[in-house]
Amino acid sequence: MLSTPVVLIVFRRPEVTRRNIDALRKVQPTELFVIADGPRPGRPEEAAQCEAVHAVLREVDWDCTIHTKYAERNLGLEANVELGLDWVFSQVDRAIVLEDDCIADPSFFAYCEDLLSRYREEKRVWLIAGDNKLVPRRMFQGRSYDFASWASVWGWATWADRWQAHRALFPRDHAGAEERVNSTPRTADATRPTPAIPRREALVTDKAFEHFSNVAVDTDGDSRGWDHHYWVTIMSEGGLCATPAYNTIENDGYGEGATHTRSAKAPTPAEPMPFPLVHPPAVELNKDVQAELELVLLRIDGRLSRVVRKVIRPLWMRAIVRKVITQPLIWRFVRKILAR
């Protein structure tokens, strides 16, 4: 059984939630924290969908202590995640975090446990990722993982002190979110008591530095997700994130029901992490992995990609565009444009 606490963040998708419970059943965590957002006003079908998710969670059939934080009303993604993780890390010193659509290979949990133990006192390590955004394996030079200044949160792990350090620097409390009844709650402003600017040495490309510098000063709470703000904290504090050479998470949340990943895209299957792990010789930035992650981020969330999403509305058309630009020869050309 898995001794590290697992956090499952859910909303209104019972099908992917069941897939996640089935995956967790293989490793049987002894402690499970469930963070569930509530239905949005004006969408009567969501109350039944949220209840269907709760019913799936009642299917947990192994020896497990389950803690639940069910919002009666919709808090919104940012408030649900940030306040939910605050609740979790007020009770445990480490955790593995999964959103409902992040289906993990069983090896992901062993990998996280190994690194949570190995880097517990290494304060430069802030995040352990299970998804690697398909960074080519050759860039890891035979290692099981390596370090970058940002990493995917499609399946990740961290320690309470790192999350709490971030929240001390980014303490928006979403006050009043639970009291709003007649409208979808507006995400709280993304403000910090003290400005946090990414360190230039944390990023390889000028475009990525520009991207995260803009995130750091953007006060619109809906403009960037909670993950971007966590990454800005990590970069400004000189922190690092572990990114795996093997993609141990399948994201099954693409399409119309998703909040962010709405494009029509087939999920990439999770793959097992080989053991024993091959650790990097030092806790330092792998510039090859970092550069590739920066280019992937700019492709999916940079200024150009946001313009394209506004222009190209149909999901099937976006899928065609993605398939074209990710062809190896075309991607070599596109990445040069993104890096400028």
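The values are calculated or read from the model by the stated rules, or taken from the named source; none is laboratory data. Being a predicted model, the structure only gives us computed values, none of them experimental. No Cβ is skipped: glycine too gets one built from the backbone with ideal geometry, and neighbour counts run over all protein chains shown.
Examine the range 164-183 for a residue that is in a loop (DSSP other than H, G, I, E, B), modelled with pLDDT under 95, hydrophobic (A, V, I, L, M, F, W, C) and surrounded by fewer than 20 Cβ atoms within 10 Å (Cβ to Cβ), and state whether such a residue exists.
Yes, the range 164-183 contains a residue that is in a loop (DSSP other than H, G, I, E, B), modelled with pLDDT under 95, hydrophobic (A, V, I, L, M, F, W, C) and surrounded by fewer than 20 Cβ atoms within 10 Å (Cβ to Cβ).
What do you reckon, is ASP161 farther than 15 Å from LEU83 by Cβ, acidic (Asp, Glu) and either in contact with a Phe, Trp or Tyr (Cβ under 9 Å, 6 or more places away or on another chain) or at pLDDT below 95 (or both)?
yes
Has the range 71-79 got any residue that is over 21 Å from GLN164 (Cβ atoms), in contact (Cβ under 8 Å) with a residue 40 or more places away in the chain and part of a helix (DSSP H, G or I)?
For the range 71-79, residues over 21 Å from GLN164 (Cβ atoms), in contact (Cβ under 8 Å) with a residue 40 or more places away in the chain and part of a helix (DSSP H, G or I): absent.
Which of the residues that make up the range 93-145 are without any contact (Cβ under 8 Å) to a residue 60 or more places away in the chain and either buried (at least 20 other Cβ atoms within 10 Å of the Cβ) or not in a loop (DSSP other than H, G, I, E, B) (or both)?
SER117, ARG138, listed by residue number.
Every residue, every condition in (1) modelled with pLDDT of 95 or more; (2) touching a Leu at 6+ places or on another chain (Cβ under 7 Å); (3) under 20 Å from PRO106 (Cβ atoms); (4) surrounded by 17 or more Cβ atoms within 10 Å (Cβ to Cβ), yes or no:
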{"site": "ARG13", "(1), (2), (3), (4)": "yes, no, no, yes"}
{"site": "ARG18", "(1), (2), (3), (4)": "yes, no, yes, yes"}
{"site": "ASP22", "(1), (2), (3), (4)": "yes, no, yes, no"}
{"site": "ASP37", "(1), (2), (3), (4)": "yes, yes, no, yes"}
{"site": "GLN49", "(1), (2), (3), (4)": "yes, no, no, no"}
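Do we find a residue being under 23 Å from PHE109 (Cα atoms) and at pLDDT below 95 anywhere in the range 277-300?
no
With the checklist (1) surrounded by fewer than 21 Cβ atoms within 10 Å (Cβ to Cβ); (2) at pLDDT 95 or above; (3) within 30 Å of VAL16 (Cα to Cα); (4) of a type in the set (Gly, Ala, Ser) in hand, flag the one item GLY255 doesn't pass.
(2)
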